[in-house]
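Below: the structure, in structure tokens.
The values are calculated or read from the model by the stated rules, or taken from the named source; none is laboratory data. The structure presented is a predicted model; accordingly, all values stated were derived computationally and were not measured. Cβ placement follows ideal geometry from the backbone for every residue including glycine, while neighbour counts extend to all protein chains displayed.
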Amino acid sequence: MPLQIKTPGLIKGLGVTLRHLFKPAVTVQYPHEREDPPQRARGVIALKEENCTVCMLCARECPDWCIYIEGHKVKAPPRRAGGKPRTVSALDRFDIDYALCMYCGICVEVCPFDALFWTPEYEYSEPNIADLLHDKGKLGAWMETVPEPQPLEVGAEGPSKWR
């Protein structure tokens, strides 16, 4: 059977190629040019250590079990004069293993004390996989990159903890 070339399809395909041949490339040359991520992009998770009460909700709800928390109890002064001293939890260890994390955001959503936040930072690759275990110091350093929250739309009510 002889080879038949469909000339209308070939000409149409070459026309598309020639049209795009002289247009500038839309690819961002990543190491040299950096594109800002969208407003709600998920990068790395940041920890605001003073808000963490070691309640373990984030670690319990994590489907990948990539959050490791350790704490101890300490005596704190009473809230009011004449009250008895209270016991509070102090954070010893808060680690997130980004080699396991799937960036689902459940930990950020479930935290009742606003201790975890999304940052737009996505450049934290490591040559050694063991270095992807970020401790509370490294997670706290990401807090300076957390953007301000978006204003609410007209007529929207904030969460009950804002009232």
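Summary of computed values
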read-out: Those residues of segment 111-154 which are in a loop (DSSP other than H, G, I, E, B) and of a type in the set (A, V, I, L, M, F, W, C), in sequence order; value: CYS111, PHE113, ALA115, VAL146, LEU152, VAL154
read-out: Considering residues of segment 1-27 that are modelled with pLDDT of 85 or more and hydrophobic (A, V, I, L, M, F, W, C) only, the residue farthest from PRO149 (Cα to Cα); value: ILE11
read-out: Total residues in segment 84-120, condition more than 11 Å from the chain's Cα centre (by Cα) and at positive phi; value: 1
read-out: Qualifying residue in segment 28-45 (condition: touching an Asp or Glu at 6+ places or on another chain (Cβ under 8 Å), closer than 17 Å to VAL108 by Cβ and surrounded by 10 or more Cβ atoms within 10 Å (Cβ to Cβ)); value: yes
read-out: Residue within segment 71-88 that is within 28 Å of HIS32 (Cα to Cα), in contact with a strand residue (DSSP E or B) (Cβ under 9 Å, 6 or more places away or on another chain) and of a type in the set (A, V, I, L, M, F, W, C) present; value: no
read-out: Of the criteria (1) of a type in the set (A, V, I, L, M, F, W, C); (2) touching a Leu at 6+ places or on another chain (Cβ under 6 Å); (3) closer than 17 Å to VAL44 by Cβ, which one VAL110 fails; value: (3)
read-out: Cβ-Cβ under 6 Å pairs, at least 6 apart or on other chains, segment 115-142 side touching a residue at least 12 places away in the same chain (Cβ under 8 Å), far side surrounded by fewer than 16 Cβ atoms within 10 Å (Cβ to Cβ) and of a type in the set (Gly, Ala, Ser); value: PRO120/ALA41; ILE129/ALA99; LEU132/ALA99
read-out: Evaluation of THR87 against (1) of a type in the set (S, T, N, Q); (2) within 24 Å of PRO147 (Cα to Cα); (3) surrounded by fewer than 10 Cβ atoms within 10 Å (Cβ to Cβ) (one fails), failing number; value: (2)
read-out: Residue, nearest to PRO31 (Cα to Cα), within segment 113-139, restricted to residues that are among the small types (Gly, Ala, Ser) and loosely packed, with under 11 Cβ neighbours inside 10 Å; value: SER125
read-out: Meets criteria (acidic (Asp, Glu), out of contact with any Lys or Arg (no Cβ under 9 Å at 6 or more places or on another chain), surrounded by fewer than 16 Cβ atoms within 10 Å (Cβ to Cβ) and modelled with pLDDT under 95) for GLU144; value: yes
